Amino acid sequence: MLHTLRRHPREWSPTAWFIVVGGLLLGGVLVALGVQPPGVLSPSNAQLVAEPDISQNLDVNYPILHIENIDAQLKAFAEKQTDKFTRTIKDKRSDPRNKLTLSYTIPHFGEETISVVFTATKEMIDKKPVMTHYRLVFDVASGKKLAFGDLFNDTNGVRQVLADILYDYFSVNQEMHLSSAQQIDLLNFELSDVRDFLVYEDSIVLYCNPANLAKKAASKSVQIQKTVIHPLLKDSYSQNDVGRKLDALPEGVDFAIAALPARHTPNANSGKKIALTFDDGPSEYTPQLLDALARYRSKATFYVLGHLAQPYAGHLQRMVKEGHEIGNHTWLHPNLTLLNGEQIDQQVGDTQRAIQQATGGYTPRTLRPPYGAVDAEVVEKARANELEIVMWNVDPNDWQVKDSQTIHDHIMSAVASGQVILLHDIYGSSVDAAIRIIPELLKQGYQLVTVSDL
Ligand code: NI
């Protein structure tokens, strides 16, 4: 075996254990009284000692926290780093200038979590020295090493909140020098963009590259107070994980966020507006579209068919809740110019009532006649039902081509401010195209609004 363990002089005697057990009992009493325990367990230091032929190349230290599960993982981490370095220097072991130094700090030692930062410095005669931080967070109760998502009871909810925080904070933060396209990318933040994290008594620090700046900049550290994301944290991770502050953070943080920033609408002041409209639905594809619109803080208009309002009442309610416009597209999609006045009234009026019922009172203000077919009687009946007729400027023929790339290319080559784009949310290809064009239109400076806000 390559490694043996040399215990630090702070190795505990049976007497010390007696004090610790007593201390644990006392600590429990103090916690119950709301008093912070006066250091129940003290970490001690261990050093990996290698075989003589490699020992001069290593100064590898790791903590012993006296929590069995966690200690095994910390030792395994130190051994893994050591083995990797040993293999790297192979036959150059005789030169003590090839050296791995592994040190650590424990910036948080709480009742719920423990955060350990290892700093590895690799010095090699033929290379520049490299210093790397490794951040490990453990759950005290289970001893499990935590992934970032493990902290939350709603990972999709926390994705949205973190995207919002990063967008609202960084889009106004001049220090980051982000282009408007990079700012829009912040809204596309995923939990997998968190490369590393630490948990503290009352905050969480993320290490991420918030605008895909990988080629230009290293990760930024963003400290977010737990109070800001508290409803999303699991019950086992509270707002105030009391414990001992053992060491300062080795690097500090780049940005500190103590409250939710104000929410900004992308391109609100650009003066360039587009209205995306979706006819003939809703359908099973509509929720994905609503997700994308929510992610990019954009609005759209849905010209729904009356007979689909009740079956898809949940989708309609979500549209209203998230600020979209619902329009009237008749009950069964007839060519209204072929109907008599009574039949037109029925197609339009029944749809108004079905939408009102499904949404709990939302009343459409605009009508899109199927096929765009309009005559004097249709205009008159729309006016009688207090509906404004809305057509479109850009028609990619999505119902016919059913190819998301072609639909996407048609729209992107035709867009201009003030236009109304016609799509159908009953085809997967149309919804896929829409999900792609939403961030692209935002990056071109357009604000996506409802037809009534155009
Ligand atoms: Ni239609």
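Within the range 385-398, take every residue that is closer than 19 Å to ASN335 by Cβ and either more than 35 Å from the chain's Cα centre (by Cα) or among the acidic types (Asp, Glu) (or both) and give me the one that is surrounded by the fewest Cβ atoms within 10 Å (Cβ to Cβ).
That would be MET391.
Do you know which residues across the range 397-411 are out of contact with any strand residue (DSSP E or B) (no Cβ under 9 Å at 6 or more places or on another chain) and assigned to a helix (DSSP H, G or I)?
Scanning the range 397-411 gives GLN400, VAL401, SER404, GLN405, THR406, HIS408, ASP409.
Answer with yes or no whether GLN352 is more than 16 Å from the ligand (Cβ to nearest atom), touching a residue at least 12 places away in the same chain (Cβ under 8 Å) and among the polar types (S, T, N, Q). If you could, list the steps in order and put the result at the bottom.
Values: more than 16 Å from the ligand (Cβ to nearest atom): yes; touching a residue at least 12 places away in the same chain (Cβ under 8 Å): yes; among the polar types (S, T, N, Q): yes.
Criteria met by GLN352.
Condition check ((1) surrounded by 14 or more Cβ atoms within 10 Å (Cβ to Cβ); (2) among the polar types (S, T, N, Q); (3) more than 15 Å from the ligand (Cβ to nearest atom); (4) at pLDDT below 95) across all residues:
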{"residue": "ILE344", "(1), (2), (3), (4)": "yes, no, yes, no"}
{"residue": "THR366", "(1), (2), (3), (4)": "yes, yes, no, no"}
{"residue": "PRO369", "(1), (2), (3), (4)": "yes, no, no, no"}
{"residue": "GLU377", "(1), (2), (3), (4)": "yes, no, yes, no"}
{"residue": "GLN400", "(1), (2), (3), (4)": "no, yes, no, no"}
{"residue": "MET412", "(1), (2), (3), (4)": "yes, no, yes, no"}
{"residue": "ILE421", "(1), (2), (3), (4)": "yes, no, no, no"}
{"residue": "TYR427", "(1), (2), (3), (4)": "yes, no, no, no"}
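Check every one of the strands (runs of 3 or more DSSP E) wholly within the range 212-315 and list those with 3 or more residues that are of a type outside the set (Gly, Ala, Ser) and within 16 Å of the ligand (Cβ to nearest atom).
273-279, 301-304
Among the residues of the range 318-338, are any at pLDDT below 95, away from the ligand (no atom under 15 Å from the Cβ) and of a type outside the set (Ser, Thr, Tyr)?
Residues of the range 318-338 at pLDDT below 95: none.
No, that holds for no residue.
Could you grab me the full set of residues in the range 412-454 that are more than 21 Å from ILE326 (Cβ to Cβ) and in a loop (DSSP other than H, G, I, E, B)?
VAL415, ALA416, SER417, GLY418, GLN444, GLY445, TYR446
If I go through the range 238-291 residue by residue, how many of them are over 30 Å from PRO63 (Cα atoms) and of a type in the set (Phe, Trp, Tyr)?
Filtering the range 238-291 down to residues over 30 Å from PRO63 (Cα atoms) leaves 257-291.
Subset that is of a type in the set (Phe, Trp, Tyr): 278, 285.
Residues in the range 238-291 being over 30 Å from PRO63 (Cα atoms) and of a type in the set (Phe, Trp, Tyr): 2 in total.
Restricting to the range 124-141, name every residue that is assigned to a strand (DSSP E or B) and without any contact (Cβ under 8 Å) to a residue 24 or more places away in the chain.
VAL130, MET131, THR132
Could you list all residues from the range 95-146 that are of a type in the set (D, E, K, R) and buried (at least 16 other Cβ atoms within 10 Å of the Cβ)?
Within the range 95-146, LYS99, GLU111, GLU112, LYS122, GLU123, ARG135, ASP139, LYS145 meet the criteria.
Quick grid of which residues meet (1) in a strand (DSSP E or B); (2) hydroxyl-bearing (Ser, Thr, Tyr); (3) in contact with a Leu (Cβ under 9 Å, 6 or more places away or on another chain); (4) more than 30 Å from VAL253 (Cβ to Cβ):
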position: LYS75; (1), (2), (3), (4): no, no, yes, no
position: ILE89; (1), (2), (3), (4): no, no, yes, yes
position: SER94; (1), (2), (3), (4): no, yes, no, yes
position: LEU100; (1), (2), (3), (4): yes, no, yes, no
position: ILE114; (1), (2), (3), (4): yes, no, yes, no
position: VAL117; (1), (2), (3), (4): yes, no, yes, no
position: LYS122; (1), (2), (3), (4): yes, no, yes, no
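Regarding SER192, is this residue free of Cβ contacts under 8 Å to residues at least 40 places away in the same chain and among the hydroxyl-bearing types (Ser, Thr, Tyr)?
Answer is yes for this residue.
Can you say whether ALA382 is small (Gly, Ala, Ser), out of contact with any Phe, Trp or Tyr (no Cβ under 7 Å at 6 or more places or on another chain), at pLDDT 95 or above and surrounded by 18 or more Cβ atoms within 10 Å (Cβ to Cβ), as far as the supplied structure shows?
yes
Which condition number does ASP375 fail, the rest of (1) more than 27 Å from LYS321 (Cβ to Cβ); (2) in contact with a Pro (Cβ under 7 Å, 6 or more places away or on another chain); (3) not hydrophobic (A, V, I, L, M, F, W, C) being met?
(2)
Restricting attention to the range 379-398, which residues are away from the ligand (no atom under 16 Å from the Cβ) and within 16 Å of ILE326 (Cβ to Cβ)?
ASN385, GLU386, GLU388
For the range 144-175, which residues satisfy the criterion of being out of contact with any Gly (no Cβ under 6 Å at 6 or more places or on another chain), outside any strand (DSSP E or B) and over 19 Å from ALA259 (Cβ atoms)? Working first, answer last.
Just the residues of the range 144-175 that are out of contact with any Gly (no Cβ under 6 Å at 6 or more places or on another chain), to begin with: 144-154, 156-175.
Then keep just the ones that are outside any strand (DSSP E or B); that gives 144, 146-151, 153-154, 156-175.
Result: LYS144, LEU146, ALA147, PHE148, GLY149, ASP150, LEU151, ASN153, ASP154, ASN156, ARG159, GLN174.
With respect to VAL431, is the statement that it is over 20 Å from THR301 (Cβ atoms), within 16 Å of the ligand (Cβ to nearest atom) and within 35 Å of the chain's Cα centre (by Cα) true? Lay out the reasoning, then the answer.
Details: over 20 Å from THR301 (Cβ atoms): no; within 16 Å of the ligand (Cβ to nearest atom): yes; within 35 Å of the chain's Cα centre (by Cα): yes.
When the stated conditions are applied, VAL431 does not pass them.
The values are calculated or read from the model by the stated rules, or taken from the named source; none is laboratory data. Predicted model only: the values in this text are computed from it and were never measured. Here Cβ is always computed from backbone atoms with ideal geometry, including for glycine, and neighbour counts include all displayed protein chains.
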